1. Just to be sure I understand, how many residues within region 124-161 are within 19 Å of L288 (Cα to Cα) and touching a Pro at 6+ places or on another chain (Cβ under 9 Å)?
2. Can you name every residue in region 49-101 that is within 16 Å of the ligand (Cβ to nearest atom) and either aromatic (F, W, Y) or under 30 Å from Q4 (Cα atoms) (or both)?
3. So G271 clears everything in (1) of a type outside the set (A, V, I, L, M); (2) buried (at least 24 other Cβ atoms within 10 Å of the Cβ); (3) in contact with a strand residue (DSSP E or B) (Cβ under 9 Å, 6 or more places away or on another chain) except one condition, right? Which one?
4. Which condition breaks for L222 when tested against (1) surrounded by 20 or more Cβ atoms within 10 Å (Cβ to Cβ); (2) touching a residue at least 40 places away in the same chain (Cβ under 8 Å)?
5. Within region 181-197, can one find any residue that is hydroxyl-bearing (S, T, Y), more than 16 Å from the ligand (Cβ to nearest atom), in a loop (DSSP other than H, G, I, E, B) and surrounded by fewer than 20 Cβ atoms within 10 Å (Cβ to Cβ)?
6. For the condition of a type outside the set (D, E) and either under 23 Å from R246 (Cβ atoms) or buried (at least 22 other Cβ atoms within 10 Å of the Cβ) (or both), what is the one hit in T369, T363, T347, T379?
7. Just to be sure I understand, how many residues within region 11-33 are crowded, with 16+ Cβ neighbours inside 10 Å and more than 25 Å from the chain's Cα centre (by Cα)?
8. List the helices (runs of 4 or more DSSP H) that sit entirely inside region 318-413 and contain at least 2 residues that are within 17 Å of L426 (Cα to Cα) and among the charged types (D, E, K, R).
Amino acid sequence: MNRQNSIREFERAQKSIPGGVNSPVRAYKSVGMPPVVIDHAKGARIFDIDGNEYIDFVSSWGPLILGHARDEIVEAIKKAAEKGTSFGAPTKIETQMAERIVEMIPSVESVRMVNSGTEATMSALRLARAFTGRDLVLKFEGNYHGHADSFLINAGSGAMTFGVPNSPGVTAATAKNTLVAPYNDLQAVEELFAQTGDQIAAVIVEPVAGNMGLVLPQKGFLEGLRQVTQKYGALLIFDEVITGFRLSAGGAQKLFGITPDLTTLGKIIGGGLPVGAYGGRKDIMEKLAPAGPVYQAGTLSGNPLAMAAGLTALNILNDHPEIYDQLEKKAIRLAEGFRKNITETQTQAVVNQIGSMLTLFFTKEKQVTSFHEAAASDTEKFAAYFRIALESGIYMAPSQFECSFVSDAHTEDDIDQTIRANRAALEKMQSGT
Ligand code: HOZ
């Protein structure tokens, strides 16, 4: 594929944007090539500025569960824009949005809109600390909760991809209030609680980890977190920025039947526009200003365009629960196709999948259930695979430590084409050509 325009554009971007990108993984550094610069997208297809077409499994890193530029969402944004783009004042649509979320997410009784997942987790932590009167937060290795200081400790996603899980600039004073346990290791959590349980304000967890590649919670892990937090009077925060409205209409918490105290949301909730939210038990949420003393604010929070896009997406998902079965069927077909190819080409790799999320790990391990197993992946092999797949028109996240997302717009043909491309890529890699 000719990508001369992308190369030129990225060179230009580096002169005025740090690293040429507005979010690190987009720079493609870990896959050893310049990034593809996007022109437009529709449905499951994305097009670069050289006119190349790809089947998209990035889905804007998760938000586009209904595919790109879904007609109903584009229409809703247009209509909203005609009425004004921002008021910094209450609107009807933000209440409709809150009501929709409260209806869909079992544990959410009250919800505050913000502009990103980072804002949601940062604000939820402040609220948890204020509510409990405690300072410590416990997070998990390889979980990523946005880029607020308290969470950039052993963090996943771009922090893991670029080997900066503990970012410079986070003070030692902040870092000492973040405890870290291995994901899926309940015993380690119980030991930390036994030592300092009376000082832990909250445990924050991705109920299904999507930022070290896809790693599923092992049986009893989430239940155990619920029990230990309850025992010690700490809050349980589910970071459902990725899993919210993706693994089910009620997120991972509905799928696994666990009720967290607070939930953070992002991505799908904005229908492709920048939205985040945090919500949960009313007695906790009522501590937020102006109802209570915990301050958090935002000029663009509840922005009418973002609310219009997000509410339209959530309404479609709420009215068409069959979408979730269809998404899962397509993702299973993809995962099984990959697994068959892996076996037949004798490639050392593991495929993790749940609902519409999937990661292909290039690893000697037999399974990937922990941060260490994920981190042991062969990132060079992944990079080689990524480049071959891209060349054959498959657009996936340029890092071993992210997920692929299946959307409502993917057809069975798209899935089968991707399985064939995967086969060809694995064969090419095995033959060393
Ligand atoms: N942290 C995001 C993926 N988990 C990256 C988002 C982006 O680069 O747009």
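1. Total satisfying the criteria: 1.
2. Correct list: D56, F57, V58, S59, S60, W61, G62, P63, L64, H68.
3. (3)
4. Result: L222 fails condition (2) only.
5. Quick first cut of region 181-197, residues hydroxyl-bearing (S, T, Y) only: 183, 196.
Restricting the remaining residues to those that are more than 16 Å from the ligand (Cβ to nearest atom) gives 196.
Then drop every residue that is not in a loop (DSSP other than H, G, I, E, B), which leaves none.
No, because not a single residue in region 181-197 is hydroxyl-bearing (S, T, Y), more than 16 Å from the ligand (Cβ to nearest atom), in a loop (DSSP other than H, G, I, E, B) and surrounded by fewer than 20 Cβ atoms within 10 Å (Cβ to Cβ).
6. T369
7. Of the residues in region 11-33, 1 are crowded, with 16+ Cβ neighbours inside 10 Å and more than 25 Å from the chain's Cα centre (by Cα).
8. Result: 322-344, 379-391.
Every number here is computed from the coordinates shown, using simple stated rules; none is lab data. Keep in mind it's a predicted model, so treat the numbers as computed, not measured. Neighbour counts run over all protein chains shown; Cβ positions are idealised from the backbone, glycine included.
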